[in-house]
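The values are calculated or read from the model by the stated rules, or taken from the named source; none is laboratory data. Just so we're clear, the structure is a prediction, and the values are computed from it rather than from any experiment. Cβ sites come from the backbone with ideal geometry, for glycine too, and all protein chains shown count toward neighbours.
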Amino acid sequence: MLLTSLVLGSATLIANPTGATTAGPVQPDLFALRVGTAETISQGTIPNAVILVEGGRIVMVGEDLPVERGIPTLDFPDAVVMPGIVGSRSRIGLEGRAGTDITPELSAAFELDPGSGDFAKVLEHGVTTLGLYPSGGGVPGVAIAVRTKGGTLDRMLLSEPSYLQMYMSSNESAKRLIDKSFELVDEYMEDVEKEREKFEKEKEKEKSKSKRDEMVFQPPVPDEKTLPMVRLVTGDLRAVMGIRKASDYLHLMDVLDQRDYEFEFDVQASLFDDGDLFYVADRLGASGRRVIVNPSITQHPGTRRERNLPKELNDAGCPLAFVPSSDSASGYEDLLLEVANLMRYGLDRQVALRALTLEGAHVLGLEDELGSIDAGKYANLLLFDGDPFAVETELLGVMLEGEFVAGDLAE
Amino acid sequence: MKKITLLSAAAVLAPAALSAAPAPAPIAAPAPLVDDEDADEPEDEWHLVEGGDVYTGTGAVLRGASILIKNGVIDEIGYDLFVPEEAERTDVSGYRVYPGLVALGATSRVTVGRFAAEDPSWAVDPLSDPDEWMYGFDDLEPTVDDEGFRSRYIDSYDPFSPYMTLALANGITACEQSGAAFKLRRDGIEGVVMNEDTTVGFSMRGSSKSNTRDAFREAARYLREMAAWQRRGEPDDEEPSSRGIDRNAVRVLRNEVRASFVAEDRLTLLAIAELAQDFGFNPIVQGAREGWIVADELGRAGSIVVLDPRARSWNDPESLYQSGSSIENAAILHAAGCQVAVRTPSSSIDTGGIAGRDLLSLNLQAGYAIRGGLSEQAALEAITIVPARILGVDHRVGSIEVGKDADLLVTRGDILHYETLVELAFVAGDIAYDKTKELFYAHIRPHEITADLEADAAAEAEANGEEEGEDGDASDDGDDD
């Protein structure tokens, strides 16, 4: 459900960990995990790492930390640990259709089927967090962030709204639509001005000074359609702009340049053969625009020459967030191998790891809660028996907020 | 779903080699010295194209001349120009410089399209496929760009379209799409429409003939009445009614827009010529395949003909009159006083037909006209200044003259020769196409400029050496320009 909030309230965070486990031994609330290597993302690779977990959150992480006697320790001397995969843009577990319209008040939560078996499947493949976006074109609504286990919306929801989904295309109607959606904000700002003028007049009329001092201007509450747009331009909400080709970005900037609003947004594009996103790589990089892309090697337009567009975008200055080429359980099954392929073509390992985890968290606005192995964050961890990007490596266990929920270790 | 193939460390082609003409460096505002207003003034961008043989398109040839470009507009042409220090220089010594070609009736893919159709089903969420958004907005004013143009192609303009690169590779720097005149700029989406509403179409075929005549007659009568009314001081009650008057015909008679007709056969052409002479305007005639038969009349009407010199049709053996096509069509019409523009048989970009029949064969088309007797200068004009005149943008493109946009082609030889490839194409003063940097023709006769000059010098020295026996005035360079 979309929780109403004051004009400038922040996104609501629900911090309850998951409910009772399904089967297996009860996980201790406080324990230490000792592993061969930890890919922390934020602090690089730590050998012989010790991760202390309490109440579903990471308390401490370091190399060869001494563990107090009495704290249960789980030893995996050959294991490699990385944060759980964050799929920032997905429609797994959602059912719905929509047309093209301006409906920022709608949420992906309306389409959620919490009982969908797909969540358990992607959890098996290491996806601990998903960003679910609403269907439809134009400005279809806001996305939500969920943990991939829980069975009900309440137990799964991590944050709502996570970002506002918008689409741009190189044609008149798409540009006009985006323009219209910002007109909502213009109208609201005008209303605020009118109310403020009224308020000022009333304040002047008030003879008693003490009463005057008590009068505080209350801006009108925007209606549900305008509210997300207002939050967008006040910096309270991020957006994700879906584009398809390079010129879409130019036309997007054309529309946005005509208004003074500044807001944060990430760019999402599907990379495919004949894609020409590289033409705007330097423009994207100059603004430090995060790009949400699939980790694919694609062919230069009209040729068979291969290009590593994710690497090129990253080199130009764009942070990368990966989503699989196929938004499905099997897509997530192959995700690590897809990324491994990209690394063979030159993508940096740490960039790749970050793109699977922390950058996805940034998209969802949850970079303080998950995405890396840092004190204070959720203990969402993946345990591999080797390099996560190697073909022969097995995923031993998936830990969701301090509890093994998938893989052999869950049993 | 994509299959993951395990490849060995394949080298990825360096993006630099593949990228098109890089975006120009952003204009830096000078540091504010006194006022804040100064900070908003961008610095002038200068570019010098020096040393080439400049074929201005007006008939003049300046050998070894330089062109100074300021902010995308030609500032000076000549020798020993004063060039600001910060100017970018491009040395084209030994090459020729031509005005960019203007293509009539181009496919929209040039400014909008892209190569292979992508399969949208797996790449994009089908529920939000942007291609479905073309419809659904009835209200609101159409978007207007900085110069007030409302062309619906402005918002679809794609400066990265591979079709545009191909068009530039074949010398086309401006084109017409659905009545709007576009510049093929690659540095952004601004300033690409030069003119809209270029011509108004009328028909003189068959039954429409009398309707069109009536329309013009009524329009002329209306204009006469308006003039009389204005002479009387515009009394309120007596303003002539414009009901039932064809607005377009009025605009044509007022010289606000050009009238365009489509006609191939002799009789329709005669009717058009008559109409134009009766009502005093210069018609644009598209097709004019049998124009050579009635060239005198069309010439008297001051027509601008847009023809395909390669078009063929048999004469009618049972007719008492001449009929059918003629390779000499362009030449005869030109001699009779018509302005001749050339267009390609097909507006698309494809590989069908012998020696190409698509948009990219524009210079070949002019070659066919020359084969039929048209002079080379007129043939060059037929693909540059005359189409620009038709589109109403001849004050901006179509020839290399001071004050016009710097739309230039740098070639190794005669632009009308079928073997000539465009080396560089400038659009609005920026290099929009560089043969060595694009993938299409970079492998055909690649060369560096200095290597060419040495080869030419060596060839010349050889030729002179053979003639050592002969005395005195050496023959000229032997260049068959």
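Cβ-Cβ distances below 6 Å connect the following pairs, each with a first residue in the range A:240-265 that is within 25 Å of A:ALA143 (Cα to Cα), a second residue that is in a loop (DSSP other than H, G, I, E, B) and small (Gly, Ala, Ser), and a separation of six or more residues or different chains: A:ASP248/A:SER169; A:ASP248/A:SER170; A:HIS251/A:SER170.
Looking only at residues of the range A:259-300 that are over 19 Å from A:ALA321 (Cα atoms) and facing chain B (nearest Cβ under 10 Å), we find that the one that is surrounded by the fewest Cβ atoms within 10 Å (Cβ to Cβ) is A:GLN299. For the range B:150-164, does any single residue satisfy the condition of being in a loop (DSSP other than H, G, I, E, B), at pLDDT below 60, more than 22 Å from B:LEU362 (Cβ to Cβ) and not small (Gly, Ala, Ser)? Checked against the condition, which is being in a loop (DSSP other than H, G, I, E, B), at pLDDT below 60, more than 22 Å from B:LEU362 (Cβ to Cβ) and not small (Gly, Ala, Ser), the range B:150-164 yields at least one hit.
Checked against (1) under 23 Å from A:ASP118 (Cα atoms); (2) not in a loop (DSSP other than H, G, I, E, B), A:GLY138 passes all but a single condition, namely (1). Take the residues in the range A:383-398 that are buried (at least 21 other Cβ atoms within 10 Å of the Cβ) and either polar (S, T, N, Q) or touching a Ser or Thr at 6+ places or on another chain (Cβ under 8 Å) (or both), then tell me which one is farthest from A:ASP75 (Cα to Cα). Here the answer is A:VAL398.
The residue that is farthest from A:VAL405 (Cα to Cα), among those in the range A:35-59 that are exposed (fewer than 14 other Cβ atoms within 10 Å of the Cβ) and touching a strand residue (DSSP E or B) at 6+ places or on another chain (Cβ under 9 Å), is A:PRO47. Looking at the range B:327-350 only, could you name the residues that are part of a loop (DSSP other than H, G, I, E, B) and either modelled with pLDDT of 95 or more or surrounded by fewer than 20 Cβ atoms within 10 Å (Cβ to Cβ) (or both)? Result: B:ILE327, B:GLU328, B:ALA336, B:GLY337, B:CYS338, B:PRO345, B:SER346, B:SER347, B:SER348, B:ASP350.
A:ASP101 satisfies every condition listed in (1) surrounded by 19 or more Cβ atoms within 10 Å (Cβ to Cβ); (2) assigned to a strand (DSSP E or B) except (1).
Taking residues in the range A:92-107 that are among the charged types (D, E, K, R), and partners anywhere that are part of a loop (DSSP other than H, G, I, E, B), the pairs with Cβ atoms closer than 6 Å and at least 6 places apart or on different chains are A:GLU95/A:ASP113; A:ARG97/A:SER135; A:GLU105/A:GLU224; A:GLU105/A:LYS225. Is there a residue in the range B:198-216 that is within 11 Å of another protein chain (Cβ to nearest Cβ), buried (at least 16 other Cβ atoms within 10 Å of the Cβ) and not aliphatic (A, V, I, L, M)? Taking every residue of the range B:198-216 in turn, none turns out to be within 11 Å of another protein chain (Cβ to nearest Cβ), buried (at least 16 other Cβ atoms within 10 Å of the Cβ) and not aliphatic (A, V, I, L, M).
Okay, residues lined up against (1) at pLDDT 95 or above; (2) in contact with a strand residue (DSSP E or B) (Cβ under 6 Å, 6 or more places away or on another chain):
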site: B:GLU45; (1), (2): no, no
site: B:GLY52; (1), (2): no, yes
site: B:ALA65; (1), (2): yes, yes
site: B:LEU68; (1), (2): yes, yes
site: B:ILE77; (1), (2): yes, yes
site: B:LEU81; (1), (2): no, yes
site: B:GLU85; (1), (2): no, no
site: B:GLU88; (1), (2): no, yes
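Within the set A:THR148, A:THR152, the sole residue that is within 30 Å of A:LYS225 (Cα to Cα), β-branched (Val, Ile, Thr) and surrounded by fewer than 18 Cβ atoms within 10 Å (Cβ to Cβ) turns out to be A:THR152. Evaluated against (1) in contact with a strand residue (DSSP E or B) (Cβ under 9 Å, 6 or more places away or on another chain); (2) at pLDDT 95 or above; (3) farther than 20 Å from B:ILE172 by Cβ; (4) not basic (Lys, Arg), B:ALA311 falls short on exactly one condition, (2). Taking (1) within 14 Å of chain A (Cβ to nearest Cβ); (2) modelled with pLDDT of 90 or more in turn, B:GLU225 satisfies each apart from (1). Do we find that A:PRO220 is part of a helix (DSSP H, G or I) and away from chain B (no Cβ under 14 Å) in this structure? The answer is no for A:PRO220. Just so you know, in the range A:124-145 the residues that are crowded, with 24+ Cβ neighbours inside 10 Å and away from chain B (no Cβ under 14 Å) include one that is farthest from A:GLU224 (Cα to Cα), and it is A:GLY126. You will find that of A:ALA316, A:ALA355, A:ALA406, A:ALA340, the residue that is touching an Asp or Glu at 6+ places or on another chain (Cβ under 8 Å) and crowded, with 20+ Cβ neighbours inside 10 Å is A:ALA406 and no other. Taken residue by residue, the range A:150-172 has at least one member that is part of a helix (DSSP H, G or I), facing chain B (nearest Cβ under 10 Å) and not hydrophobic (A, V, I, L, M, F, W, C). Among residues that are buried (at least 24 other Cβ atoms within 10 Å of the Cβ) and either touching a Gly at 6+ places or on another chain (Cβ under 8 Å) or not in a helix (DSSP H, G or I) (or both), B:LEU320 is not included. Put simply, of A:LEU271, A:LEU284 the only residue that is more than 24 Å from A:ASP101 (Cα to Cα) and assigned to a loop (DSSP other than H, G, I, E, B) is A:LEU271.
Mind checking which residues of the range A:295-354 are acidic (Asp, Glu) and not in a helix (DSSP H, G or I)? Within the range A:295-354, A:GLU306, A:ASP327, A:ASP334, A:ASP348 meet the criteria.
The single condition among (1) of a type outside the set (Phe, Trp, Tyr); (2) farther than 25 Å from A:ASP276 by Cα; (3) at pLDDT 55 or above; (4) out of contact with any Lys or Arg (no Cβ under 8 Å at 6 or more places or on another chain) that B:GLY113 does not meet is (2).
In this structure, A:ASP315 does not satisfy being within 10 Å of chain B (Cβ to nearest Cβ) and under 27 Å from A:GLU160 (Cβ atoms). Is it fair to say B:ASP296 is surrounded by fewer than 17 Cβ atoms within 10 Å (Cβ to Cβ) and within 18 Å of B:GLN339 (Cα to Cα)? Taking the combined requirement at face value, the residue satisfies it. Is there a residue being away from chain B (no Cβ under 14 Å) and assigned to a strand (DSSP E or B) anywhere in the range A:106-113? Within the range A:106-113 (the criterion being away from chain B (no Cβ under 14 Å) and assigned to a strand (DSSP E or B)), the answer is yes, since at least one residue qualifies. For the range B:171-181, state whether one or more residues are within 14 Å of chain A (Cβ to nearest Cβ) and surrounded by 20 or more Cβ atoms within 10 Å (Cβ to Cβ). Looking through the range B:171-181, at least one residue is within 14 Å of chain A (Cβ to nearest Cβ) and surrounded by 20 or more Cβ atoms within 10 Å (Cβ to Cβ). Return yes or no: is B:ASP308 among the charged types (D, E, K, R), farther than 23 Å from B:TYR222 by Cβ and in contact with a Pro (Cβ under 8 Å, 6 or more places away or on another chain)? So B:ASP308 fits the description; yes.
If you filter the range A:89-98 down to residues that are within 14 Å of another protein chain (Cβ to nearest Cβ) and crowded, with 17+ Cβ neighbours inside 10 Å, you find that the one that is farthest from the chain's Cα centre (by Cα) is A:ALA98.
Restricting B:PHE202, B:PHE281 to residues that are touching a strand residue (DSSP E or B) at 6+ places or on another chain (Cβ under 8 Å), within 29 Å of B:HIS395 (Cβ to Cβ), without any contact (Cβ under 8 Å) to a residue 40 or more places away in the chain and not polar (S, T, N, Q) narrows the list to B:PHE281.
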